[in-house]
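Reviewing the structure listed below.
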Amino acid sequence: MAIISREDVQKAFQGGKMKRCRLLYDYYRTEYFIQDYTAAFIADKISADLGFPITEGMIKQIRFRIAKKDFTPLPSPTSSLAEQPKGKEDVALKKTLKQEKEWVFTNQDDEPKKNPFEDLFKGR
């Protein structure tokens, strides 16, 4: 994963790049977006840091479209970038998370049985 600098984010906004909100989120993720700050507070802090206005609506949009769908684990303070999972390991992690979400109904003998709600969810 490439390291994003503040200059990269500034150039993306000045040039009107399509992925500028994603860059903004990636750069300020640990500092502001995963915290419980208000959108107005985050917008003010980022605007002061970048030197041009970032609106509260843009922060809300980033939270709704990007942050809500971001399941990447936060790096631990003691780990380095070399220890972070990359490539195929990321795919395996996503598959594991998906498998954990699937429900397995068992009876008292721990034998699988039919999901009673299966017929309701087939249409979705």
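In this calculation the C-beta distance from N115 to K19 is compared with R0 = 41 Å, giving a FRET efficiency of 0.55. The Cβ shell under 15 Å around A48 holds other residues with a net charge of -2, Lys and Arg each +1, Asp and Glu each -1. Put in order of Cβ neighbour count within 10 Å, fewest first, the listed residues K19, K122, K11 become K122, K19, K11. Taking a Cβ cut-off of under 14 Å around G15, the surrounding Lys, Arg, Asp and Glu residues balance to a net charge of +2, with basic ones at +1 and acidic ones at -1.
Rule-based calculations on the coordinates, nothing more; no lab input. What you are looking at is a predicted structure, and each value in this text was computed from that prediction instead of being measured. Here the Cβ is made from the backbone with ideal geometry for all residues, glycine too, and neighbour counts use every protein chain on show.
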